[in-house]
Each structure stands twice: as C-alpha cells, then as structure tokens.
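Single-structure report; data block below.
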Amino acid sequence: MQLRRWWRSLDKQKPFDPSFPVLNAVSNITCALSFGHPFAPEDENFQKLIQALDFVFNFTGNIFHLIYHQFPQLMNYLPGPHQKALASRELILSFAKQEIEKHKEFHALHEPQDFIDYYLLQMEKSMNDPDSTYSEENLVQCILDFFFAGIDSILATLTWVLLFLTNHPHIQEKVKKEIEDVFGFSGSISYQDRKKLPYTNAVIHEMQRVKYVLLFGVPRQSTKDVKMKGYLIPKGSIIIPDLRSVLLDPEQWETPEEFNPNHFLDKDGKFIEWEEFLPFGIGQRACLGQQLARTEIFIFLISLLRAFSFQLPEGVKELNEAPVVKVTLHPHPYKFCAIPTKF
C-alpha cells in the first residue's frame, strides 16, 4: 500500500505531521477510480495536484471563503487568499481535463476501466438524445466533486482516528492485538474482514460518532409540503439536518461526549449495529460515497496498525482533541511518532 510505503520512507524517530502522507494516499485512491491509475508520490504533476487540494481544503470555511460567496463579482477583482484558491481550483480542473483527453486519445471504451471510460461510453451512447445531460463539462465537474467531497472527509476521519489511538495507547494496543490474533502481520485484508474484528470495527465507528467530521449535515430541499409534529415544512424549503444531535444523544449513548468503543459492543464483545449511527446520513439521500469511505478507512487503518505503533512525542502528554471549526472539522495540526512493528 502506498500510504505504508510513504510512512516507511520517513524518519520515525522524529515526530512528524501525518496529514500530508494521508492526503497523498487518499487522493491517489480517487485518482485510481477516476483516471484508472494511481501516481507515484514523487510525480511532479501529482504533487502540484496535492498542494492545490491542500490549499483549497484549508481555505474552505474561512472568512475569505465566506466573503467570496457573498460577493463573488467584487472579490474576483480584489487581492487575497481566495485568488490562490481560485487558481488551485483551476489547476485541479486542468488536471482532470488532461486525463480526459488522454482517455479520448487511447479510446478504450470497448473495455472501460475507470470512471472516465464509463462516462465517455455513456456520452457516446446518448449522443443522439436531445435530453441527455452527459457532457465533458459535466464529466469534469463530477471529477472535481469526487476530489472535494471524497477526499477531505476521509482525510479528516483518518487523522482523527490516528490522533485518538495515539492519545489512548491502551485502546491502540487492544486493536493491534485483535488484528495480530486474527491475521498476523502479513497477508491481504478486505473490507469484509471487519466482521472478524469487532473491537477494531467498534473503535472506527466510535471515532466517527464522537468526532463527526462535518459542521452540519448536507443541506437537502423538500420536494413537497410536509407536516412533522405539527409543523409545516413548505415545498422548496432548505433543510439542514443536525446529525450531531443524534450522534451525541445522551439518551442513546452511555457517555456521549467521550471516546468509548464499548458503545458499539455487547456484553459478549460482539459488534452492535445502531440505527442511530448516522455520519453518512440515512435513506435514499444518504452519502453516495459511504461504501468507499468505509472501505478506505478500514483498510488504511488496519494496514498502518500492522506496520506501526503510534506514540506521543517526548514531553507531550496529550494531543489536542478540540476541532478546527470549519465546514469540515479537522483536528488541530499535530505530530506523533510512528514506530515500526517488530515481527
């Protein structure tokens, strides 16, 4: 796995910030699905893409971002970090367009391998349909959405879980022992293997519960008049779900504000599926990428914990567990040590 190889190249004896290698690895998953291939970490164009994504993610939700959304025409002519954010967005779009042109040149639609191939094939099939919405502009926008929606939330989730495992070494050791007892230190692992790792699965779910990575749920629009508990929600109303009210409900969770994997375990240590676990939403409008997100988080975490133990830097008693409040709630920048596992 690229993330593990990247980590092995670092000097683990010194504290380091894990966010950049995690961003590299997660971004490459999106690249592989969209473009049909990952990139080497040292690839110059890929690194420009990563730097652009990193700036956009850090820019999103700050005061300049909010002002830009209120006065876009005015802000286009004024200096500020929003100009670099716009340039970064254009770089990402250009990167996607270049990959689309490569796919069109090789024209492998008879054997589609990735999202671009399948989309171009659908464009070809519907070229005589006047109502078709398939277009290259829409394809580029879809890829942009993949990068913005499919990377930042997983990046936040993985950096949170690594932070919590570092702050709670007894929980980390229990997870590592479960992995070792079931799989050892080598061999492949699939997402289906989560059923064999109830405690590890509980730790992942509990972290997503206690540190829900969005400031609020994704807004939805009511398609018709709805009455709920005596209140009328008119057709066309924008509804912003407060999923945190469920994820931190004191009537559901024994210690709602605390990181407690036992919330997802019964008295026999078996994993419990809770209807109230809603970080991806619920119903027909639940997050489309939740299966990919669940798989990435599980595989990344297992692979890293088989290879490393994560420790606080010397002299540091605890990493800051307060979030940086933006649209996506990331932890404050932190450093830790990754000590290779001795087989």
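The values are calculated or read from the model by the stated rules, or taken from the named source; none is laboratory data. Note that this is a predicted model, so its numbers are computed, not measured. When we count neighbours, we look across all protein chains shown, and the Cβ atoms used for this are built from the backbone with ideal geometry, even at glycine. Quick note on the areas: whole protein, heavy atoms, side chains included, nothing else; ligands and nucleic acids left out. Shrake-Rupley method; radii C 1.70, N 1.55, O 1.52, S 1.80 Å.
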*Could you tell me which GluC sites (Glu not before Pro) in segment 110-152 are loop residues by DSSP with no more than 11 other beta carbons within 10 angstrom of their beta carbon?*
none
*State to the nearest 20 debye the size of the charge dipole of segment 191-276 about its Cα centre, where the only charges are +1 on K and R beta carbons and -1 on D and E beta carbons.*
500
*In cubic angstrom, how much convex hull volume per residue do the alpha carbon atoms of the chain span?*
188
*asked:* Helix check for the chain. Which DSSP H runs span at least 20 Å along their own axis by Cα, with a mean Kyte-Doolittle hydropathy no less than 0.5?
replied: 19-35, 136-167, 290-307
_I want to verify the translational diffusion coefficient of segment 153-293 in µm²/s; compute it with Stokes-Einstein, Rh as the Kirkwood radius over Cα pairs, at 10 °C and 1.306 mPa s._
93
*What accessible area per residue comes out for the chain, rounded to a whole number of Å², with a 1.4 Å probe?*
56
*Quick one: Debye curve from the alpha-carbon atoms of segment 304-343 only, equal weights, vacuum; give me log10 I(q)/I(0) at q = 0.16, 0.20, 0.26 Å⁻¹ to two decimals.*
-0.55, -0.73, -0.89
_Restricting to Cα pairs below 8 Å that are 6+ residues apart, what does the relative contact order work out to for segment 194-339? Please round to a whole percent._
25
*For residue 195, which lysines qualify as cross-link partners when the Cα separation must be under 29 Å and same-chain residues fewer than eight apart are set aside?*
174, 176, 177, 211, 267, 270, 342
*asked:* I'd like the carbon and sulfur percentage of the solvent accessible area for the chain, probe radius 1.4 Å, heavy atoms only, ligands and nucleic acids excluded.
replied: 56
*Determine one quarter of the surface area of the Cα convex hull of segment 92-148, which equals its mean projected area, and express it in nm² to one decimal.*
3.9
*Mind listing which trypsin sites (Lys or Arg not before Pro) in segment 195-229 are in a DSSP loop and have 12 or fewer other Cβ atoms within 10 Å?*
224, 229
*asked:* What lysines does residue 235 reach when the alpha-carbon gap must be under 25 Å and sequence neighbours fewer than 8 apart in one chain are set aside?
replied: 224, 227
*For the chain: relative contact order, % (alpha-carbon pairs under 8 angstrom, 6 or more apart)*: 22
